[in-house]
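Below is one structure, written out as structure tokens, with a few remarks after it.
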Amino acid sequence: MIVKTIVQVLWLVSALGLTALVMLHSPKGDGLGGLGGQAQLFTSTKSAETTLNRVTWVLTALFMGLTVILSAGWLEAPAV
């Protein structure tokens, strides 16, 4: 039961993180530059956009994988 709770918490964190990262994406391709200087944390705007894209894809894969695991019921205790 504790494993299922941990997976559910990871699923929730990945959902919230994914939502935040999608909101950071700029439709003009500015990426983090639209936040007023936040792109200065990276070496260039291109680097910021690339990093943002990679992190978004990783969280997407994590969210989708955890969704499949939770919805399939693979973590449920077997009926005795």
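The values are calculated or read from the model by the stated rules, or taken from the named source; none is laboratory data. This structure is a prediction, so every number in the text was calculated from the model and none was measured. Glycine gets a Cβ as well: all are built from the backbone with ideal geometry, and neighbour counts include every protein chain shown.
Does Thr45 meet the test of being surrounded by 12 or more Cβ atoms within 10 Å (Cβ to Cβ), at pLDDT 90 or above and not hydrophobic (A, V, I, L, M, F, W, C)?
no
Every residue, every condition in (1) part of a helix (DSSP H, G or I); (2) more than 15 Å from the chain's Cα centre (by Cα); (3) at pLDDT 80 or above, yes or no:
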| position | (1), (2), (3) |
| --- | --- |
| Leu10 | yes, no, yes |
| Gly29 | no, yes, no |
| Leu32 | yes, yes, no |
| Asn53 | yes, no, yes |
| Thr56 | yes, no, yes |
| Leu66 | yes, no, yes |
| Leu70 | yes, yes, yes |
| Leu75 | no, yes, yes |
| Val80 | no, yes, no |
